[in-house]
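The values are calculated or read from the model by the stated rules, or taken from the named source; none is laboratory data. Please read all numbers here as calculations on a predicted model, not as lab measurements. No Cβ is skipped: glycine too gets one built from the backbone with ideal geometry, and neighbour counts run over all protein chains shown.
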Amino acid sequence: MLLILLLLSLLVVLFILYYGRSSKRMPRNWREFTIELKYQYYGGMGFLADVLMKFKNHEDLVLKPGKVAIVTGGNRGIGFEVVKKLLLCDMTVVLGVRNPEIVKKTFEDICKAEQRKGKVVIETCDTAKMESVENFAKKVQERFSEIHVLINNAGVMCTPYSKTKDGFESQMAINHLGHFLLTHLLMPQLKAGGLKNDSQNVRILNVSSCVHKAAKMDYDDFHMEKFYYPVDSYNKSKLAQVYFTQHLDELCRMSHLNIQVHSIHPGIVHTDLFQNCSSGYFPWIQKLFYKTAEQGSRTIVHAAMSPKLEGHGGTYLSNCRIAKATRNQNESRKLFEYSCEILHVKDFMK
Ligand SMILES: NC(=O)c1ccc[n+]([C@@H]2O[C@H](COP(=O)([O-])OP(=O)(O)OC[C@H]3O[C@@H](n4cnc5c(N)ncnc54)[C@H](OP(=O)(O)O)[C@@H]3O)[C@@H](O)[C@H]2O)c1
């Protein structure tokens, strides 16, 4: 009994210490507390898996001259490392970023200095704004008739509550809805890439997270007007990406499109993503123990390249291996149909 009391007291002290200087606000009620616990649990499990699977976390780069990849948010963090690797594979990489001018020079320098044969095209794409996503898709369509890899990578985590111009809660808009719309708009080019499939299926990759397992969709309050806890919204947006992956892959498979879709957990990675939810006490912990952005890029590049994954669409990947995700056929269809409805998408596969 004494031991349990001691453990509980220790937990409370740790909790207060953690939130005392964390950039994340403390849970204010039981519901927020349980969401937080689940998030910490699945995040902790993800971290443990990274440590145990460290030696499996390897990708093989395959030369792909003439192939086109689209990456959202490739200007920093994990996406930046992904883009550099795709360029090493001689691919043409189109970046959809919020501030193209800032990154143009960086990539020009990288291509020159490291003699990468791949080409970079940088366009504006703000996944929080559906109009920006539409404009980006138009620019891509004007330039490319085929797309071979689409990496829906851009993301934010634990941001304070805000609604986008289109009326969506912002984490759900940036992480899921913007990418959902982009994928729909680029479907003709993705299908064309699949039709001329010479070596491998076209790959659509949704960069999700292990914490999707802590979430449950709530269609009565999809825009989180009644209840908002930042972690909850992040978890839900990542679950939406997993469900989107599963249903889209099924549709592609049924239509024999030579397109396969994966969701990915890149690992627990030391990037700016944690700016709204890191402990102020031990900032060095993340740097020391988390994956680097380069290590975080490996599962994504593996998903884009690996011949071993051919025909294994619909799966969730972590540490360059197929892993267990939340899976529910009805929920996946429901999420897909609901996303179509609120984005006014009539025929997703058009
Ligand atoms: N780091 C981790 O431990 C971890 C774990 C699991 C999953 N993930 C996922 O991995 C992906 C990449 O995260 P990261 O760790 O590399 O984070 P990061 O370093 O913060 O990078 C986020 C990227 O997303 C872009 N972005 C944010 N909002 C955007 C918007 N509205 N429109 C277009 N681009 C936007 C950012 O561009 P700006 O420069 O314009 O802001 C940046 O390029 C995210 O989807 C994240 O959820 C990360």
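Structure notes:
- There is no residue in region 98-109 that is more than 9 Å from the ligand (Cβ to nearest atom) and aliphatic (A, V, I, L, M).
- Exactly one residue out of S162, S263 is of a type in the set (S, T, Y), at pLDDT 95 or above and surrounded by 21 or more Cβ atoms within 10 Å (Cβ to Cβ), and it is S263.
- When we screen G118, G73, G77 for residues that are touching an Asp or Glu at 6+ places or on another chain (Cβ under 7 Å), crowded, with 16+ Cβ neighbours inside 10 Å and on the phi > 0 side of the Ramachandran plot, the only hit is G77.
- In this structure, T245 does not qualify as modelled with pLDDT of 95 or more, within 12 Å of the ligand (Cβ to nearest atom) and of a type outside the set (A, V, I, L, M, F, W, C).
- L14 vs. criteria more than 24 Å from the chain's Cα centre (by Cα), over 21 Å from R203 (Cα atoms) and in a helix (DSSP H, G or I): yes
- T271 being within 16 Å of the ligand (Cβ to nearest atom) and touching a His at 6+ places or on another chain (Cβ under 8 Å): no
- Count of region 225-244 residues which are over 12 Å from the mean Cα position of the chain (by Cα) and either under 12 Å from P160 (Cα atoms) or among the basic types (K, R) (or both): 8
- Subset of region 320-350 (residues that are outside any helix (DSSP H, G or I) and of a type in the set (V, I, T)): I322, T326, V345
- Which listed residue, of K163, K129, K119, is more than 23 Å from K346 (Cβ to Cβ) and either of a type in the set (F, W, Y) or within 15 Å of the ligand (Cβ to nearest atom) (or both): K163
- Qualifying residue in region 330-342 (condition: buried (at least 19 other Cβ atoms within 10 Å of the Cβ) and within 16 Å of the ligand (Cβ to nearest atom)): no
- Close pairs (7 angstrom Cβ cut-off, 6 or more residues apart or separate chains): buried (at least 24 other Cβ atoms within 10 Å of the Cβ) in region 127-156, in a strand (DSSP E or B) and among the acidic types (D, E) anywhere: F136/E123
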